[in-house]
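No lab work stands behind these numbers, since they all come straight from the coordinates. Worth saying up front: this structure is predicted, and the values here are computed from it rather than measured. No Cβ is skipped: glycine too gets one built from the backbone with ideal geometry, and neighbour counts run over all protein chains shown.
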Amino acid sequence: MNYLKIVFFVCFLGMYTALNAQTIPSVKEETYVKESSDTFEGKYSEYKIKFSDGTSGYIYYWNECSKYGIRGSVERRLYKNKDMAIKALYIYKSTSGDYSQDGIVECDD
């Protein structure tokens, strides 16, 4: 039984490491879309990102946090900087909704 736990952990750790070490295609196009506001997240700006391999999606800049991030199906994830948010977007889009843990921050960090 312990062998199975160890194998699972090593496989999970390998997958986590591979996701966060993944290189991403270059950004082909970045387009400002709009500024929006809502009760829970405050003001934010939306940008469409297109990668050279055809993958595309949106990153956001939340004004109250001064942080870039992405939105999943339920929650937002904030990152230390714009480049990390772009990387996270590609990982999220090119996998089945996996998140990059690299550079995640809270609003007040």
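Quick one: in segment 23-66, of everything that is surrounded by 17 or more Cβ atoms within 10 Å (Cβ to Cβ) and hydroxyl-bearing (Ser, Thr, Tyr), which residue is farthest from Cys107 (Cα to Cα)? Applying the filter and picking the extreme gives Tyr47. In segment 67-80, of all residues being surrounded by 13 or more Cβ atoms within 10 Å (Cβ to Cβ) and of a type in the set (A, V, I, L, M, F, W, C), the one that is nearest to the chain's Cα centre (by Cα) corresponds to Ile70. In segment 71-94, the residues that are without any contact (Cβ under 8 Å) to a residue 12 or more places away in the chain reach residues that are surrounded by fewer than 20 Cβ atoms within 10 Å (Cβ to Cβ) with C-beta atoms within less than 9 angstrom, at least six apart or across chains, in these pairs: Asp83/Gly103. Taking the condition assigned to a loop (DSSP other than H, G, I, E, B) and of a type in the set (Ser, Thr, Tyr), does Ser36 pass? It is false that Ser36 is assigned to a loop (DSSP other than H, G, I, E, B) and of a type in the set (Ser, Thr, Tyr).
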